[in-house]
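Undergrad: Encoded as structure tokens, here's the structure I'll be asking about.
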Amino acid sequence: MPGRTKQRDGDALTDLESAIPRIFDQAQVSIANHQKNFVALHKLHIEAAQHTEPVNNGRTIKLTGERKFEDIFTRMLMRVLPIKKGVGPADRIVKFVGGYVRFVNDKAAEEKDNANNSDEEDPDEDTTASRFIARLLKFLLKGFLAKEKFVRYRVLYTVAEMVSHLGAIDEEVYEELRSALLERVHDKENVVRVQVVLSLSKLARSEDPTEITEGESVLEVLFGVLAHDSSPEVRRAALLNMLPNALTIPHILARTRDTDTTMRKLVYSAILDHNATLDEEDHKDAPKVRTKEENELVASGIDEDVKPDLNSLENDGSGKSSTGKQNKQMKKRYIGPTHPRALSIAQRELIVRNGLGDRESSVRATAEALVGTWVDVVNVGLKFEEDIIKEEVTHDQGLAVNPTGNEAVDQCVAFLKLFDLENEVASNALLSVFASRPEIYDGLEFDNPYWASLTPERAFLARVFVNHCCASKNAARLEATLPVVTALAFRVQEAYNDLVDRVRELEEKRTFARPEELVKEEDEKADREFIISEMLTLAINLDYSDEIGRRKMFQLMRDMLSQNALPERLLTKCLDVLRELSGERDLIRIMVEIIQDLRDRGDDEEEDGGGKDPEAEIDQEGTPASARPPRAHLFNNKKLAQLTPEQQAQKDEIDLRCLSLCIGVLERVNSKLEDNSTLDGVLVGLIVPAVRRNEVAFHQKGLVCLGLCSLIDRNLALGSFSMYFKRATSNLSEELKMSVLQVMFDMLMVHEHDFLQRQGETPQQITDLLVTRLIEETSSKVKALLAMGISKLVLCGMVTDIKAIKKLIITYLSPDTVDNQELRQCLTFFFPRFCYSSAANQIRLREVSLIFLLCDPAHGYKIFIETFMELSTLRRRLDDDEVISATQVAALFVDLTDPLKLIQVINAKGKAPATDESVQVDLASDVLKALLDKKNNFEKEDKRVLTHMLSKLHIPDTVDDDKIRTLKLLIHSVQTRRPLRDATSNNALRKFDTAVSKKFETQLEGFSEEEYRKLSELQELFEFLDDIIPEDDEGDDTDVPRRKGRKRILTAHDPRRSGSIATTSTESLRQDSPASFPRDRLPQAKRRRISLAIDGFEELEGSKEGTPPPENPTRTLPKRNAAVKKPVINVISDGSGEPTCKWPPPKPRQPQRKRAEDIEEAQLDEDISRLLSSRKVSAATTAISSSAPNMEDSEEEEDEVNESLLVDED
């Protein structure tokens, strides 16, 4: 009998070899049969686990059955590991493995519960399931480092399927799995990293951050992946598998600015919208979510048994309690982790601002859907009492809304409580609700009870609704909504009188009230001011055809402006209404009268020592309750010495109010100053004294008022600009500096032609001042304002100095402005707008004035090379990560100077593309000139970037003969005089040369440099080329083997240079040069000798010890128009022995004169008045400096050549 049992046991283990593959074969066909196969496979697993063998004399057992099952199982799994992604059968096998791990864990958990109930075995003892999972994990961990990407993908895919159902595993295995997954986060394959993120997301849910002893937690790693991974698929996997809570929501909201459109949409739809509310089943499993109001109640010490039930609601989301059948039919909803009231105000505004302001329409639509969801669920979690409605409590705590009987109004009011109504976010959110939810917009009604009980939210709703009706030209709704003018005027008057009473009570309470009470009173005062402000904004759109209502509103606005109690924020609103009721001249006249009343009233009070309260209320007739004092002479004030400190403080307060009133009126008028003579008294008696005062408040408002007056008067602008010019160079506060610069830019934009027609160097001085301030300014706000102002002046054509454009580019690319988003955004818009608006602007981008950098006109490089060199120097001084790379700089200029984009813009406007497409041909010439000039100490990487840039330039099919020949000549000069030793750079230049030669073969046919030299207009180009001394092998990028050639004498006329170079490419140059000789025919090394022939003297020969001759032929210096004939260099290669003389090293050039750019920057540091008084001296100095360099250069070159050619006779 035992023998037969043993045979059956052996048969059972043997059957595993065929039974398990059959199960896997079925599992790969369909997922539908997985559950059946789980049961069958588990049965085989249990049967196999019963087969054991005793070892060590029966003291231990060997799990032969389990081992056999695990071996066959892993063998089956190994067959799918090499299969690439997307194969259905392989994917189903992986899902089957993950499902089976969950199945065996569930079975083990049931057995453990039964064991705990019966106390039959130790619950911590290893089970068949735990041993199976541990071995399977160890097997899969070996594949984490597989060379094949598909193996790594399948292994991590399997781990991701089973990691949620691992159950209780050994701590060592867990740590090994965790560390391996963290290492694979940086795998180079996107599909692998996606599976890693899925596994880590599941591990993060069970990880306790307090148990982490070293390194980052899994959640922190996922935050890094979410923000910085280069693959959108990986970031999406991290986003969708991250549980939203108080810790993760800030990182999730940061993805609303992600570069991937789908990623941004998922934030709004899959995360914020989906988790706004939870059903009852999800609510049981989710952690407790507290809203902002709950946190405030708990912090204030309110018992949780007393506070309203904030986590449940059985209503329809509109604020009304659902009763009867509705309660039975409705599904109960709970506050989710992304419910709007679970977020802070800043987070809600961030969501709306980024979502509704997104550049993609699909993202905006998703954000609008989210905002519509907020309107529906805003009241979820609020409990209403059907019989009691208390507006005070609900409004202060924001826990409910005061129902008005209109469902749409109640929904919108509750929705607006989520935002700060002071900014535009709330307005944009409400407008999106009107657009996406037309039933809410159509259901809004504003009856008399609505206007009688205004709150900030209701006033805001009415104002936005009226603005929307005006924008959509819905006259019918507008007429039905707006109250009559007289009724609104009385409501404004009543609200203002109530505000004055509140302010008076608040002043009385300040001495004895507690701080908490004062804060509450201040908030209530702000709410009342906001309500009046919204009503005044709404009053602008009223129909003032009713003369009685117009007069009532006019008198009310004038009387409110005449009172000191009027808050500053309401002053401009009253002026807006008054501007609708009167013309510009009447508005200025009223302003002057109000200022006179305010100042004279203060003088009378100082003389009387009291009198009526200036903050008296307005009576029902629309006039102040206190009588108006008799009018004195205009701005007749006492001397300051006669005033007490209290009187002076009161007078200063009145003057500041008058200055604010002046600013408000001047901002709203456009008529000339000469047409409004009443402003003269204000200018002389109020504005000018304010400018002369040292107090910052007076000085700033005085400067702004004077600037606004200058905008409407040409002579005043020209006369006062010098004062603002000096203020801009002085040490001012940030706020005052911004006011001065804003006034300057406004005056330059308005009176552009008047400033340009002025005599002297005023336009240039203005440009130099603005550019210098842009470079030296440390305040980010002022720097952004300067960049914006200079950009406007450049776009309008007032600033034509190329130095301004160059400094704008340097500022844009500088690492110092990387955090100045306002500046970066402004310049990101400016450069494409500037370059694509005209061909002349693209040409200006590459041109640079010769005064600024170089003294030799032949070295007149372009703005790209200057910018490239300056950033290259900055990159060497700072870390590489802090400065934009040379490749990015080159790509930027290639894009901005692309004539094809200019043509596209012109075609879009329906105009003919009359543009010069050769701008990038000139840019290529600039690059080649820069490579020829040895002053430009380019790094090897910079040369690679410049040479690769040449192939990306647009070379049109039709190019002027002179331009293409000049380009070909420069390429030839680089290859012969400044050969590129770096193979990558040389190959790029050779390819560019070949492309140009092939494309313009006809134009270059028969081209000869000697004939080309006869053209007078190219004299500067050949002067530049003739000044280039061919470099020897010292200082080359790479070592070049020494070449040995036959004896050759090169005279002043080089036949190779004067011959035709039309078909000369790199290959032909190599064939003609000594360096192209076959290696086996190279002669012995020659020693360089020199020969000096001057005016008939016999040839003096000498030799030099040192470097071999250059790879390419050298040349002589050109003859110059001088009294004495220039020496000619004859280089002789001789293979004889030691040299008879030494070759003295060339003497370094003497430093050239100081660059004009440095001189101008130094002059900017001097006093501005000295600049204005010394224009003629500066002009003379410039004239002298422009002619001096040629003389110096000629003398220095002659001395250098003579010294370098001195030899000793034998």
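Each reported figure results from applying straightforward, stated rules to the coordinates on display, with no laboratory input. Nothing here was measured: the structure is a model prediction, and the numbers come from that model. Neighbour counts run over all protein chains shown; Cβ positions are idealised from the backbone, glycine included.
Undergrad: Expressed in nm to one decimal, what extension gain is obtained for the pair L683 and V29 from 0.36 nm per residue of sequence separation less their Cα-Cα distance? Numbers along the way, then the final one.
TA: On the way: separation 654, 0.36 × 654 = 235.44 nm, distance 9.08 nm.
Result: 226.4 nm gained on full extension.
Undergrad: For the pair N448/T644, report the inter-label distance in nm, with labels modelled 7 Å from Cα in the Cβ direction.
TA: A separation of 5.2 nm, rounded to one decimal place.
Undergrad: Can you work out the FRET efficiency for the pair D501 and A526, with r the C-beta to C-beta distance and R0 = 22 Å, to the nearest 0.05? It would help to have the intermediate numbers written out before the result.
TA: Working: r = 15 Å, r/R0 = 0.70.
For R0 = 22 Å, the calculated efficiency reads 0.90.
Undergrad: With viscosity set to 1.002 mPa s at 20 °C, what whole-number translational diffusion coefficient in µm²/s follows for the range 11-96 from Stokes-Einstein and a Kirkwood radius over Cα pairs?
TA: Diffusion coefficient, whole number: 153 µm²/s.
Undergrad: May I ask you to sort D358, D498 by Cβ crowding, counting other Cβ atoms within 10 Å and putting the fewest first? Before the final figure, lay out each step's value.
TA: On the way: D358 20, D498 14.
Ascending number of Cβ neighbours within 10 Å: D498, D358.
Undergrad: Once the other residues with Cβ under 12 Å from the Cβ of V375 are scored (Lys, Arg +1; Asp, Glu -1), what is the net sum?
TA: -3
Undergrad: Here is a follow-up. At a threshold of 8 angstrom on Cα-Cα distance, excluding pairs fewer than six apart, so keeping six or more, what relative contact order does the range 487-603 reach in percent?
TA: After rounding, I find 28 percent.
Undergrad: Roughly how many Å is it from the Cα centre of the range 487-537 to that of the range 10-84, as a whole number?
TA: Their Cα centres are 80 Å away from one another.
Undergrad: Anything over 28 Å Cα to Cα? Flag those among K781/K952; K62/K112; K202/K265, in the order listed.
TA: K781/K952
Undergrad: Would you kindly state how much longer the chain becomes between I169 and K999 on full extension, computed as 0.36 nm times their sequence separation minus their alpha carbon distance, in nm to one decimal?
TA: So the extension gain works out to 291.7 nm.
Undergrad: Cross-link list K473/K701; K672/K701; K792/K963; K43/K142: which exceed 31 angstrom alpha carbon to alpha carbon?
TA: On the way: K473/K701 39 Å; K672/K701 21 Å; K792/K963 33 Å; K43/K142 28 Å.
K473/K701; K792/K963, as the Cα separations exceed 31 Å there.
Undergrad: Let me ask something else. State the Kirkwood hydrodynamic radius of the range 710-823 in Å, one decimal place, computed from all pairs of distinct Cα atoms. All intermediate terms of the calculation are to be shown ahead of the outcome.
TA: Values: mean 1/r = 0.0694 Å⁻¹.
Taking the inverse mean of 1/r over all distinct Cα pairs, the range 710-823 comes out at 14.4 Å.
Undergrad: Note down the net charge around R75, summing +1 for each Lys or Arg and -1 for each Asp or Glu among other residues with Cβ under 12 Å from its Cβ.
TA: Taking every Cβ under 12 Å from that of R75, the sum is -1.
Undergrad: Grab the other residues whose beta carbon is less than 13 angstrom from that of R833, score K and R as +1, D and E as -1, and report the net. It would help to have the intermediate numbers written out before the result.
TA: On the way: positive: K792, K901; negative: none.
Spelling it out: positives minus negatives among the neighbours equals +2.
Undergrad: So, one more: Modelling each spin label as a point 7 Å along the Cα-to-Cβ direction, I'd like the R585/A435 distance in nm, to one decimal.
TA: 4.4 nm
Undergrad: Assuming R0 = 56 Å, can you tell me the calculated FRET efficiency for the pair E1010 and Q825, based on Cβ-Cβ distance, to the nearest 0.05?
TA: Values: r = 54 Å, r/R0 = 0.97.
For E1010 and Q825, the calculated efficiency is 0.55.
Undergrad: Percentage of Cα-Cα pair distances in the range 487-603 greater than 16 Å, rounded to whole percent?
TA: Of the Cα pairs, 63 percent sit more than 16 Å apart.
Undergrad: Once you put a point 7 Å from the Cα of N474 and another 7 Å from the Cα of N564, both along the Cβ direction, what distance in nm separates them?
TA: Spacing of the two 7 Å Cα→Cβ label points: 4.6 nm.
Undergrad: Here is the link list: K783/K803; K417/K573; K806/K929. Which ones come out longer than 21 Å on Cα distance? Write down the numbers at each step before the final one.
TA: Working: K783/K803 17 Å; K417/K573 24 Å; K806/K929 19 Å.
Table pairs above 21 Å Cα-Cα are K417/K573.
Undergrad: Also, quick follow-up: Could you work out how much longer the chain between V696 and E752 gets when fully extended? Use 0.36 nm per residue separation minus the Cα distance between them, nm to one decimal. Please report the intermediate quantities before stating the final value.
TA: Numbers: separation 56, 0.36 × 56 = 20.16 nm, distance 2.94 nm.
Extra length available between V696 and E752 comes to 17.2 nm.
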